[in-house]
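Input: a single structure, listed below in structure tokens.
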Amino acid sequence: MDFDWDDEDERVRPLGTVVESGRGSLPFALVHGEALVVAASWALGEAGVTLIDVGTEWSGLVDAGAPLVLHDALCPMTPTDFLVACLERAAEQDVVVVGTRPVTDTVKETAGGFVGATVDRAGLVAVASPVVLPASVVARLDGLPSLDFVELVEDLRARFPVELADAPPSARRVAGEDDVRLLEALTTPER
């Protein structure tokens, strides 16, 4: 399945939105001279996704019969080809597809206010972007249970088949200005 249509293509174009709600002012920080939310929007557009407002009536999304791509504004440099691959996988396999990155921080167990054993990171992932809902899942929901991607994925995993997709390093989620500078350095083309 190819999501790179021209105007005469009769297939349903995927719909998508860049989620910036609940993320403070960071989505408006600049990466390569553009706001994170703008960079994320461009990537969706380049992937052949029709941009919609996050507040669009859910019934309209159901009626469209299209996959829905949720792109986190805090993962602004997610490559277009990765977004397309996730869309294709969701549509072909009729599963929710979630972009993830490996956990690199040390994770500890806690009990009774005390720090315990180190958790093996091999089985852990960090939710990144995108979260792609095939049209069948959109039709079975009454709306998004959350705009927090971790909560959203937990809810979706309890109700639908969910597959994780290994996102490239440029798809990393930023948590502050220092992360934005690191992401900018990571995604600056070599000259």
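The values are calculated or read from the model by the stated rules, or taken from the named source; none is laboratory data. Owing to the predicted nature of the structure, the values given are computational and were not obtained by experimental measurement. Positions of Cβ are backbone-derived with ideal geometry, glycine not excepted, and every protein chain shown enters the neighbour counts.
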Item to complete: Would you mind finding the one in LEU83, LEU70 that is modelled with pLDDT of 95 or more and in a strand (DSSP E or B)?
Response: LEU70
Worksheet item: touching a Cys at 6+ places or on another chain (Cβ under 9 Å), surrounded by 22 or more Cβ atoms within 10 Å (Cβ to Cβ) and part of a helix (DSSP H, G or I), is that true of ALA40?
Response: yes
Practice prompt. Would you mind stating whether VAL38 is farther than 24 Å from ALA135 by Cβ and either in contact with a strand residue (DSSP E or B) (Cβ under 6 Å, 6 or more places away or on another chain) or modelled with pLDDT of 95 or more (or both)?
Written response: yes
Practice prompt. State whether the residues of the range 2-12 include one that is at pLDDT 95 or above and within 27 Å of GLY143 (Cβ to Cβ).
Written response: no
Worksheet item: Going through the range 71-88 one residue at a time, which ones are under 11 Å from the mean Cα position of the chain (by Cα) and under 12 Å from GLU163 (Cβ atoms)?
Response: CYS86
